[in-house]
Amino acid sequence: MPFIEHVTDSDLERLALERVVPALLDQGFFYVDGFLGDPVGGAVLQQVKDMHRSGTLQDGRLAGSVPGVSRRNIRGDKIAWVSEAERGCEAINFLLTLIDKLVSLCAGRLGKRVIRERSKAMVACYPGNGTGYVKHVDNPNSDGRCVTCIYYLNKDWSAKDHGGVLRIFPEGKSYVADIEPLFDRLLFFWSDRRNPHEVRPSYATRYAITVWYFDSEERAEAKRRFRDLTASTQQDGSSS
């Protein structure tokens, strides 16, 4: 039975406290299947497909360019950022509201982390031409991102035929975790160095929506560092 059809606040609280929090604290990642159910998940998928068809999705950027290495060899996705204001994103916004509620129920139980805000949502498509995203850490430099949350939108997906698996390399563990990007699957994992991960090459169109939840203290410190860096750069520029 689709989770959304009978969801109540107590259902969300049970999912948060009995499953998400223990799994994050124990193994660093967790996923739940059938989160929205077919009608609502299908509406989210349709809105993402509409964005793709309309040309809204653009090549994903890299944090720093690598000489002699093409962007496509590092990440081959096309992306768009969604806030709550865009028209035609009502189902996506419903999804985000539900995830926000779920994460807020986890917050305060994940160690000393104080989670009060998140990024915009990143809608991403790998076009199925064998591209993926090389092994990386979402937050290697304490930028405030604490929990990565990914909602997958791929019906009839076969990892054997289509690839596209998210492979997590949990820090200090002797195993890898392969997460298939199945329709209506919601995945959580720590954003920092505990979870290096990669997207294996995809041979079919692969859709996902990602949001990052921030640790308030680390985020504020990162913003302070950026302001200080910007100020010192401007000072150096004016004195030269």
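Worth pointing out:
- Selection status of Asp156, without any contact (Cβ under 8 Å) to a residue 60 or more places away in the chain and under 14 Å from the mean Cα position of the chain (by Cα): no
- Taking the criterion of being under 13 Å from Arg200 (Cα atoms) and basic (Lys, Arg), the residues of the range 120-164 that qualify are Lys135, Lys160.
- Where Ile150 falls short, out of the listed (1) modelled with pLDDT of 95 or more; (2) open to solvent by less than 40 Å² (accessible area, probe 1.4 Å); (3) part of a loop (DSSP other than H, G, I, E, B): (3)
- Within the range 119-132, considering residues that are outside any loop (DSSP other than H, G, I, E, B) and in contact with a helix residue (DSSP H, G or I) (Cβ under 7 Å, 6 or more places away or on another chain), the one farthest from Trp81 (Cα to Cα): Cys125
- In summary, Ala80 fulfils each of the numbered conditions (1) surrounded by fewer than 19 Cβ atoms within 10 Å (Cβ to Cβ); (2) in contact with a Ser or Thr (Cβ under 6 Å, 6 or more places away or on another chain); (3) closer than 23 Å to Val40 by Cα with the single exception of condition (1).
- In the range 164-176, the residues that are part of a loop (DSSP other than H, G, I, E, B) form Cβ pairs under 9 Å with partners that are open to solvent by 90 Å² or more (accessible area, probe 1.4 Å) and of a type in the set (D, E, K, R), at six or more places apart or across chains, as follows: Gly164/Arg200; Val165/Arg200; Phe169/Lys135; Glu171/Arg193.
- Scan the range 197-214 for residues that are within 12 Å of Thr148 (Cβ to Cβ) and of a type outside the set (S, T, N, Q) and the total you get is 7.
- Failed criterion for Val114 (all others in (1) under 18 Å from the mean Cα position of the chain (by Cα); (2) at pLDDT below 95; (3) of a type outside the set (Ser, Thr, Tyr) hold): (1)
A quick yes/no check of all residues on (1) more than 25 Å from Glu84 (Cα to Cα); (2) modelled with pLDDT of 95 or more; (3) of a type in the set (Ser, Thr, Tyr); (4) surrounded by 21 or more Cβ atoms within 10 Å (Cβ to Cβ):
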site	(1), (2), (3), (4)
Ile168	yes, yes, no, yes
Gly172	yes, no, no, no
Glu180	yes, yes, no, no
Arg193	yes, yes, no, no
Pro196	yes, yes, no, no
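- From the list Ala204, Ala208, the one residue that fits, being in a loop (DSSP other than H, G, I, E, B), modelled with pLDDT of 95 or more and of a type outside the set (D, E, K, R), is Ala204.
- Every residue from the range 83-106 that is more than 17 Å from the chain's Cα centre (by Cα), open to solvent by 20 Å² or more (accessible area, probe 1.4 Å) and either in contact (Cβ under 8 Å) with a residue 12 or more places away in the chain or under 13 Å from Val48 (Cβ atoms) (or both): Glu86, Gly88, Glu90, Leu105
- Among the conditions (1) among the hydrophobic types (A, V, I, L, M, F, W, C); (2) closer than 27 Å to Gly42 by Cα; (3) open to solvent by less than 20 Å² (accessible area, probe 1.4 Å), Trp157 misses just one, which is (3).
The values are calculated or read from the model by the stated rules, or taken from the named source; none is laboratory data. Here the structure is a predicted model, which means the values were calculated and not measured. Here the Cβ is made from the backbone with ideal geometry for all residues, glycine too, and neighbour counts use every protein chain on show. Protein only, heavy atoms only, side chains kept; ligands, DNA and RNA dropped before computing areas. Shrake-Rupley method; radii C 1.70, N 1.55, O 1.52, S 1.80 Å.
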